[in-house]
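Reading through the structure tokens given below for one structure.
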Amino acid sequence: MASTETFVQLGGSKVQLLKGGSGDPVVVLHQDVGNFGWLPFHEELSKKFTVFVPSSPGFDKSDRPEWARNVRDLAGLQQWLLKSLNLENVPLIGLGFGGWLAAEMVTLAPRQFKALVLVGAAGIQPKVGEIMDQFLVPTTEYTRAGFHDQAKFDKLYGVDPDLDQLEVWEINREMTTRVAWKPYLFNPGLPHLLPSVGIPSLVVWGKDDKQVPLNCGELYVEALPNARLEVFENCGHYVEIEKPDQLAKLTIDFLSGL
């Protein structure tokens, strides 16, 4: 089932949106390296749901809001996007950086969402380990570090990613710098706000995640009142790429049980 690409206008700026499938809507928010496009994970979800995959403002083909300087700014823009799409009481799925964005969104408007799925989410400062600093290494090295199976990286990007891909990564890294540089990839206030979120929540992690340590997942479950943690063996940060079928089944089963 193919996806369609459209652009939604938000206050004079455009936001890239991929959409596919049929059924009740779900929204998927992407990683800090950007929107991977329509993945097998999205395809599996689309057999059960209508899947919306926006590129966050400032990432990929979406216009950059020059004024946005923190993740809560992006959260407000994403709330605006959902309003423009007439999406209410929807499940929200956040991947990595998108997980942090999703967590901020549900603390801003918990009644707007039916459920929360966080996959390798940033946003919380770990007590054990540390979030990998992507600004100390080339983007190719940073992205490779997110894969337990390097063959999956090679299949997606090639052994040596081309210049167009490197440029996209740099654009996305610049936007990440604007909104998440200091403190780096976490909000110290978020753990204090998450207890207000009572919706059913599923937290998923790759056991071999080298970008965002598993302890962050444990802290999310500790802070969210109605959450559970699932850990995938032999899997890195990009669970949606390394374990697409398993993640899709887990997510569908979770959402179907609500």
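Just to be sure before I move on: is Val51 assigned to a strand (DSSP E or B) and within 18 Å of Asn172 (Cα to Cα) in the structure I sent?
Details: assigned to a strand (DSSP E or B): yes; within 18 Å of Asn172 (Cα to Cα): no.
Here the answer is no, as Val51 does not meet what is asked.
Just checking, does the range 159-171 include any residue being under 22 Å from Cys216 (Cβ atoms), of a type outside the set (A, V, I, L, M) and at pLDDT 95 or above?
no
Quick check on the range 101-111. Is at least one of its residues part of a strand (DSSP E or B), farther than 28 Å from Asp164 by Cα and among the β-branched types (Val, Ile, Thr)?
So in the range 101-111, the residues part of a strand (DSSP E or B) come out as none.
Within the range 101-111, not a single residue is part of a strand (DSSP E or B), farther than 28 Å from Asp164 by Cα and among the β-branched types (Val, Ile, Thr).
Return yes when Arg72 is buried (at least 16 other Cβ atoms within 10 Å of the Cβ), of a type in the set (D, E, K, R) and touching a Phe, Trp or Tyr at 6+ places or on another chain (Cβ under 6 Å) and no when it is not.
Details: buried (at least 16 other Cβ atoms within 10 Å of the Cβ): yes; of a type in the set (D, E, K, R): yes; touching a Phe, Trp or Tyr at 6+ places or on another chain (Cβ under 6 Å): no.
Here the answer is no, as Arg72 does not meet what is asked.
How many residues does the range 11-37 hold that are within 25 Å of Leu185 (Cα to Cα) and either buried (at least 19 other Cβ atoms within 10 Å of the Cβ) or touching a residue at least 60 places away in the same chain (Cβ under 8 Å) (or both)?
Here the count works out to 14.
Being surrounded by fewer than 23 Cβ atoms within 10 Å (Cβ to Cβ), modelled with pLDDT under 95 and of a type outside the set (Val, Ile, Thr) narrows it down to one residue among Gly198, Gly189, Gly257; which is it? First the steps, then the outcome.
Details: Gly198 fails: modelled with pLDDT under 95; Gly189 fails: modelled with pLDDT under 95.
Selected residue: Gly257, the only one of Gly198, Gly189, Gly257 that is surrounded by fewer than 23 Cβ atoms within 10 Å (Cβ to Cβ), modelled with pLDDT under 95 and of a type outside the set (Val, Ile, Thr).
Looking only at the range 17-29, which residues are of a type outside the set (A, V, I, L, M) and closer than 19 Å to Met105 by Cα? Before the answer, list the steps.
Our first condition is that a residue be of a type outside the set (A, V, I, L, M); within the range 17-29, this holds for 19-25.
Result: Pro25, single match.
Is it the case that the range 186-208 has a residue that's farther than 26 Å from Pro91 by Cβ and either among the charged types (D, E, K, R) or under 16 Å from the mean Cα position of the chain (by Cα) (or both)?
Taking the range 186-208 and keeping what is farther than 26 Å from Pro91 by Cβ, we get 188, 208.
Within this subset, residues satisfying the condition of being either among the charged types (D, E, K, R) or under 16 Å from the mean Cα position of the chain (by Cα) (or both) are 208.
Yes, some residue in the range 186-208 is farther than 26 Å from Pro91 by Cβ and either among the charged types (D, E, K, R) or under 16 Å from the mean Cα position of the chain (by Cα) (or both).
Name the residue, out of Phe52, Phe113, that is buried (at least 20 other Cβ atoms within 10 Å of the Cβ), aromatic (Phe, Trp, Tyr), out of contact with any helix residue (DSSP H, G or I) (no Cβ under 8 Å at 6 or more places or on another chain) and in contact (Cβ under 8 Å) with a residue 12 or more places away in the chain. Give the steps one after another, and end with the answer.
Values: Phe113 fails: out of contact with any helix residue (DSSP H, G or I) (no Cβ under 8 Å at 6 or more places or on another chain).
Step by step, each of Phe52, Phe113 is checked, and only Phe52 is buried (at least 20 other Cβ atoms within 10 Å of the Cβ), aromatic (Phe, Trp, Tyr), out of contact with any helix residue (DSSP H, G or I) (no Cβ under 8 Å at 6 or more places or on another chain) and in contact (Cβ under 8 Å) with a residue 12 or more places away in the chain.
If you scan the range 32-45, which residues turn out to be outside any helix (DSSP H, G or I), at negative phi and in contact with a Ser or Thr (Cβ under 9 Å, 6 or more places away or on another chain)? Step through it out loud before you land on a result.
Our first condition is that a residue be outside any helix (DSSP H, G or I); within the range 32-45, this holds for 32-39.
Cutting the leftovers down to at negative phi gives us 32-33, 35-36, 38-39.
Correct list: Asp32, Val33, Asn35, Trp38.
From the list Leu77, Leu87, which one is assigned to a helix (DSSP H, G or I), crowded, with 17+ Cβ neighbours inside 10 Å, in contact (Cβ under 8 Å) with a residue 40 or more places away in the chain and out of contact with any helix residue (DSSP H, G or I) (no Cβ under 6 Å at 6 or more places or on another chain)? Don't jump to the end; show me each part of the working.
On the way: Leu87 fails: assigned to a helix (DSSP H, G or I).
Only one candidate qualifies: Leu77.
Exactly one of these conditions fails for Asp60: (1) over 17 Å from Lys249 (Cα atoms); (2) in a helix (DSSP H, G or I); (3) among the acidic types (Asp, Glu). Give me its number.
Result: Asp60 passes all but (2).
For the range 241-250, check the following and say yes or no: at least one residue is touching a Leu at 6+ places or on another chain (Cβ under 8 Å), small (Gly, Ala, Ser) and surrounded by fewer than 21 Cβ atoms within 10 Å (Cβ to Cβ).
As a first pass, look at the range 241-250 and keep what is touching a Leu at 6+ places or on another chain (Cβ under 8 Å): 241, 244, 248, 250.
Still in the list and also small (Gly, Ala, Ser): 248.
Adding the requirement that they be surrounded by fewer than 21 Cβ atoms within 10 Å (Cβ to Cβ) leaves none.
No, the conditions are met nowhere in the range 241-250.
Are there any pairs, at least 6 apart or on different chains, whose C-beta atoms fall under 9 Å, with the first in the range 60-73 and over 16 Å from Lys182 (Cα atoms) and the second of a type in the set (Ser, Thr, Tyr), and if so, which?
Pairs that qualify, where the first residue is over 16 Å from Lys182 (Cα atoms) and the partner is of a type in the set (Ser, Thr, Tyr), are Lys61/Ser55; Ser62/Ser13; Ser62/Ser55; Ser62/Ser56; Asp63/Ser13; Arg64/Ser13; Pro65/Ser13.
For the range 113-160, name all the residues that are within 18 Å of Phe41 (Cα to Cα), touching a strand residue (DSSP E or B) at 6+ places or on another chain (Cβ under 8 Å), hydrophobic (A, V, I, L, M, F, W, C) and outside any strand (DSSP E or B).
Ala121
The values are calculated or read from the model by the stated rules, or taken from the named source; none is laboratory data. Just so we're clear, the structure is a prediction, and the values are computed from it rather than from any experiment. Here Cβ is always computed from backbone atoms with ideal geometry, including for glycine, and neighbour counts include all displayed protein chains.
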